[in-house]
Amino acid sequence: MNFFGRIAAFVVCAAATFFVIFCAYPKTTGKTSDIIATGKYKAVLTLWHVDSFEGGVGSRADFLSSALLKMRNDGVIVLVKSQTVESMRSAISNGELPDLVSLGGGCADIMKFARELPVDKLYGGTNLKGFAGGEKGGKYYAAPWCFGGYYLIVKSEDNRLIEGFLQGNGEKNVKKLVVSQGENTLPMLALKTAGVTATDVAYYPPYDAYVNFLGQSEAVLLGTQRDLRRLEKRGAAFSAVALEGFSDIVQYVAVTTKADEKYAYCLNAVKLLLDETVQAKLGKIGMMRAVGNTSGNTSGSLDGNEAGVDFYGYDFLKNEYTASVFLSEELIRSAQSELKGKNGGEKLSENVKNGLKNLK
């Protein structure tokens, strides 16, 4: 290559390097993987969204991307990447770590990197019961940004099976129970803490449980608000009773950045997710608000109408317990195994109790 050829090659390489470092960044969310310009922003934050439970509808990762767009007005861009529990662990083992993480149960591996959150500055309310799952040693390391819950669900022709629950009296026993068992969830703990027993219990992964329930007669489904939306979309007639004793259907956000200069920006992102402007839109993804009025159907609607989504009277803060976000996957498996050996009437072991956080 002659002298002028080498000069031309150098210019092309330098231009490409400048573009990659100062102008472009891969954006990966639940649906898209695009190249976006970042050079005009004073800070670029990465956020991993880990799906560890089934709840609501649509993509929580896409909701986060949309909700955090407002930060661009202040010169900060948040790039959201979807992860599974397994891919999160793999990335951590490879030395990767995001600035923020949205997570649920089974993600304790990343919580050891979480930085303390000054919740009094992030959330103006005085009721911090809903934050209990992110507390450890008197300090808060994760804040909930949306809730879900457990229900007993029957087809309308089988209302008699939960008539006592619907009327708030009578025997709290279910003869034939189909359990929607998530990989990192404890639905049977919701049954137990609500004072309900079951005689014949069958466990299935979430969607399989829904299908099995539809195919059976005189069956009761122990499911979540996701099953309510499935049944509504199907046009099925059904009844549902909220189990308000325990719920681990919680999506938290934690700050894990290693860069001190990004910490304040990360806190602003958490504060925005707890803001009324974001909380009021959670109904669009079939999730319940984590702060403010957590009861009823006040979380916006799936189609954006003001009527709201019907959560059948569920109020997360009426629960007595939630699970600690620090609860390891091993302890979750142990608790699942123990609870499968119980049909609601037996006492909990200390092993399970130690993973619970009191909301009262």
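The values are calculated or read from the model by the stated rules, or taken from the named source; none is laboratory data. Worth saying up front: this structure is predicted, and the values here are computed from it rather than measured. Cβ atoms come from the backbone with ideal geometry, glycine included; neighbour counts cover every protein chain shown. What goes into the accessible areas is simple: the full protein's heavy atoms, side chains included, and nothing from ligands, DNA or RNA. Shrake-Rupley method; radii C 1.70, N 1.55, O 1.52, S 1.80 Å.
Quick notes on this one:
- Test: residue in the stretch 135-148 that is touching a Pro at 6+ places or on another chain (Cβ under 9 Å), modelled with pLDDT of 95 or more and surrounded by fewer than 24 Cβ atoms within 10 Å (Cβ to Cβ): yes
- For the stretch 187-245, a residue qualifies if it is assigned to a loop (DSSP other than H, G, I, E, B) and either in contact with a Pro (Cβ under 6 Å, 6 or more places away or on another chain) or surrounded by 23 or more Cβ atoms within 10 Å (Cβ to Cβ) (or both), and exactly one does: V196.
Condition check ((1) charged (D, E, K, R); (2) open to solvent by 50 Å² or more (accessible area, probe 1.4 Å); (3) part of a strand (DSSP E or B); (4) at pLDDT below 50) across all residues:
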| site | (1), (2), (3), (4) |
| --- | --- |
| V20 | no, yes, no, yes |
| K31 | yes, yes, no, yes |
| I35 | no, yes, yes, no |
| T38 | no, no, no, no |
| Y41 | no, no, no, no |
| T46 | no, no, yes, no |
| E54 | yes, yes, no, no |
| F63 | no, no, no, no |
| A67 | no, no, no, no |
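- Residue list for the stretch 100-118, restricted to those being more than 16 Å from the chain's Cα centre (by Cα) and open to solvent by less than 10 Å² (accessible area, probe 1.4 Å): L117
- For the stretch 288-342, the candidate set comprises residues that are aromatic (F, W, Y) and open to solvent by 30 Å² or more (accessible area, probe 1.4 Å); within that set, the residue that is modelled with the highest pLDDT is F326.
- All positions within the stretch 171-181 that are modelled with pLDDT under 95 and either part of a helix (DSSP H, G or I) or crowded, with 23+ Cβ neighbours inside 10 Å (or both): V174
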